[in-house]
Amino acid sequence: MTERVELFSYSPDRADNQRRDRRRVAALLNSHYRIENDHKQPSETPVTSDLDRQSFDAQRYFDSMVASGQLQELMKTKTDIESQVRSLDGGMQRLVFENYNKFIRATDIIKQMKFTIEGLDPDLQCLEEHIGKLDGHQNIAEDGVCGRARQIESLLKQQRVCKKLQVLFGLPTTLKRCLDSGNFGQAVQAYCCCAGFLRQYRDMPTFQKVLEDVDQQMGCIRSALESRLRSPELSVDEAVNSSMTLLDLREDQNRVAAEYLTGRAAMLKQSLDRCFMTLRKKVGLESEHVLLEGAGLKGADGVAGAKPLSPSSDQAELERPESVKLRTACIRATDNYVPQLCDAVEGFQKLQDFRSAAGDGQATTTSIDDTILLSFVELRVKDVCEQISEVVKEKCPPAQVLVSCMHFLRDCFKRLHDMVPRLLTKLFMDFMSRTALSAMKAIFRAASAHLVAELCRLHEQCKRLQESKDSGLDDVLEEIAKTEQSLLMHGFQALVDCQPLLHLLGSDRPSCQQLMRGLHDQLITFFSAFVVTCDTYIWREPPSTRNHKTSLPFANDDGISMQLNEAANLDWSGLFGLALVRIGRHLEVKAINKVWAVANELFVNGETIDCALQPPPPGVVTATRQAAEAMITRYVMVSGQRLAHFFRNSVQSRNWMTVREPRDPRLVVEMVLKEVQAFSAQLSRILGDQQKVSTGHQRRTLSRYKSGMELEMERLWAKKIIVFGNIPFNRNRALVGILRIAFKALYEYMRDETFSKFGLQQIQVDCAFLCEAARDFVAAEDASVLESLLDEVVNSASQRCNDPELMELQKVETICDEKKKKMTSVKFE
């Protein structure tokens, strides 16, 4: 029981002892049976103790152990020895049984082999007899054939020559069959194999006839190959194979290359037309979105350096029709056109390497001119760039969408760039520069159109406020301020929209500088839109044809022409005219310089653009000032003509021969003065030039005596006064211009009438009251000029009077004073 427990109990020492005992037993058995372990490492040697030695003395070992008092170790050794003995007995028994079974089995197999070999003896004897017969027959056959072997060999050679001749004579038929089936490569291969022999023996009539037929067929094959090579329906691989076939026929390499590129150009043109033909029609947004999402072209997120848009604005810009159209064009071009162009260029390079790599001694010393390929690539890349540019020019998408599409297009040309890097870099840099300038023009064209639209909206508001009785000039000033702010915001927004265009040009300094020059021109164009609107509104000649010093690069394209036509059809409004004068003055003084400063802040980054934008040219400031001057001059002319119409109606509608003695100025005088007062109020508020209140004003003394010389000088001075001239930006000069036109018209109307005595006196009273009232609106020196005009009116009436007798001056003064008091009391009430 104790031994069973010890057997099933586990301890690490016991396991180590067992492994060591097994190794020692195996070593003993190996040495006893002379068994060599082939898999045993040479470095392993059996570990033996003193007990395993042949000279071991058991009694001495026992005595030494008892004397040393190591009884426990002795008992342990005894137990180990017993265990090892049992292991040795078990191993020995196992080896005996295993070897015994093997020996028994080997003995059985040997017995079976003995019986089997003894049974095969008859068969082996029969096989030996048959082999002997075969040797005999072989000897007989060799003896029979040996005599005719040389004859057979000679006939075989003749047969091979006949087959070659059959191929030679059948070569024309073979070439015709290949021509009909379109197997030109096989035809050329057959021709190359036979042409040398035929030309070598062409002096023989038979071979000469065959050679002529062959040359005729090869001429047809050459023509078919050249026609096939120029076909746009041919694939790139087929075109390359056809070109190589022509090169095998010793055709000129440059001519073959030119024919190859001609066919590829026609193929690419068809592909380009297919890509952009449907874009000229209405594109369905829903179907195109699937294409765009599949291409991964979803917005401006991939634009390096571009500011990310908010999700709502980004989606809105992507769904705009012009954005969808441009992105669709780029994707179609990169999916269809660009791969075919790359394949065509790779095929051309195969042609360049074909003859030089032939290795058959047929390579020509001349190579294909590389300029043919460069010219081909340049034209084809320009074609697709031109189509993209047309899409952009038709209606430019948002700048960030444009930049994203251009970068996508550039990345798709990477395969072609690896083949012609310098050319493609130059072409794309030019294309990007042109696209940026075109987009900038479109952005500022839209801003200019918005500017004209804002001015047209201001006209509606001014006209509404002018007709409204509840609105005053304060409302007009508020609308003008809103319009000015909108105009500047359109300019600033255009600058912000143009800023992403810098990402198209990267670090190319010349292109960036060119973009800055374009920005300078577009800013001029933007402000010139105001000038052209003013000129269109008053039907004035544009500044570019008036004076070369103020010429502006303004293009009346379709986008702005419609707005300008609307401005040309606007009715005249005095308030709107003065509003344009006020806006023009503000643009001239500060707004233009402010927009230029913002442009410098947005575009000058110190890296690719290190110089500031050129200052606004004097021409744009001068043109703006001239437009404002023309507008206020137009205002003065229209207002003066309005007063002149009042005078005309009052003069021509009355019979001056039956007029009674005057007691008051006529009603038309009061109407004219009310109009002048309204003009003065408008000019004061809108121009910001308030009327100065005169103190200590001395009224004119009508009774002052003037000599005949003085009167004559005043008449001559009045005749030389310039009635229609440029008006400066102040209230006084504008009112003087209005009254000058009105009084000059009144003088002209006097020439068509005939007056009685009292009619002349009525004109005298009217002119005296007008002269006195004008002093309340204009400066003293200007009032003297107006007085001269009115005196000339009275003089002209007296010259056309049957009884020219003027009213006493004292009486005239009394009538004027009474009328003035009445008008003052009514105004205060």
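The values are calculated or read from the model by the stated rules, or taken from the named source; none is laboratory data. Being a predicted model, the structure only gives us computed values, none of them experimental. We place every Cβ from the backbone using ideal geometry, glycine too, and count neighbours over all the protein chains shown. Only protein heavy atoms, including side chains, enter the accessible area calculation; ligands, DNA and RNA are left aside. Shrake-Rupley method; radii C 1.70, N 1.55, O 1.52, S 1.80 Å.
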query: Once the convex hull of the C-alpha atoms of the stretch 90-162 is built, how many Å³ does it hold per residue, rounded to a whole number?
result: 179 Å³
- request: Write down the accessible area per residue of the stretch 76-167 in Å², having rolled a 1.4 Å probe over the full set of protein chains.
  value: 91 Å²
- line: Expressed in nanometres to one decimal, the distance between label points 7 Å along Cα→Cβ at Met429 and Gln315 is 4.1 nm
field: Overall Cα dimensions of the stretch 318-449 - principal axes, largest extent first, Å
entry: 70, 23, 18
- prompt: Which peptide among 90-100, 676-686 comes first, and what is the full order, when sorted by highest mean count of other Cβ atoms within 10 Å?
  reply: 676-686, 90-100
task: Pull out the extension gain between Asp143 and Lys414, defined as 0.36 nm times the separation in residues minus the alpha carbon to alpha carbon distance; nm, one decimal.
output: 89.9 nm
query: About its Cα centre, how strong a charge dipole does the stretch 746-829 have in debye, to the nearest 20, once Lys and Arg get +1 and Asp and Glu get -1 at the Cβ?
result: 300 debye
message: Can you compute 3J(HN,Hα) from phi for each residue in the stretch 438-453, using the Karplus curve 6.51 cos²θ - 1.76 cosθ + 1.60 with θ = phi - 60°, rounded to whole Hz and x for Gly and Pro?
response: 5, 5, 4, 4, 5, 5, 6, 5, 5, 5, 5, 4, 5, 4, 5, 5
field: Relative packing of peptides 132-138, 593-599 - highest average C-beta neighbours within 10 Å first
entry: 593-599, 132-138
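Show me the ranking of peptides 645-658, 241-254 by mean Cβ neighbours inside 10 Å, starting with the highest.
241-254, 645-658
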- line: Here D for the stretch 758-829, in µm²/s, from Stokes-Einstein with a Kirkwood Rh over Cα pairs at 10 °C and 1.306 mPa s, works out to 122 µm²/s
- prompt: For Gln513 and Arg250, FRET efficiency with R0 = 41 Å and r from the beta-carbon atoms, rounded to 0.05?
  reply: 0.15
statement: At R0 = 60 Å the Cβ-Cβ FRET efficiency linking Ala481 and Asp369, nearest 0.05, sits at 0.30
- prompt: Where in the stretch 428-470 are there trypsin sites (Lys or Arg not before Pro) that are in a DSSP coil and have at most 11 other Cβ atoms within 10 angstrom of their Cβ?
  reply: Lys469
field: Subset of Lys463/Lys594; Lys674/Lys811; Lys757/Lys811; Lys482/Lys744; Lys482/Lys590; Lys350/Lys382 violating a 27 Å alpha-carbon distance limit
entry: Lys463/Lys594; Lys482/Lys744
- request: Between Ser87 and Asp57, take the C-beta separation as r, use R0 = 25 Å, and let me know the FRET efficiency to the nearest 0.05.
  value: 0.55
- request: Mind checking the full-extension length gain between Ala780 and Leu667? Use 0.36 nm per residue of separation minus the Cα-Cα distance, one decimal, nm.
  value: 38.1 nm
- request: Report the full-extension gain for the segment Ala258 to Asn593: residue separation times 0.36 nm, less the Cα-Cα distance, to one decimal in nm.
  value: 114.9 nm
field: Label point distance in nm, Asp817-Asp121, each placed 7 Å from Cα along Cα→Cβ
entry: 18.5 nm
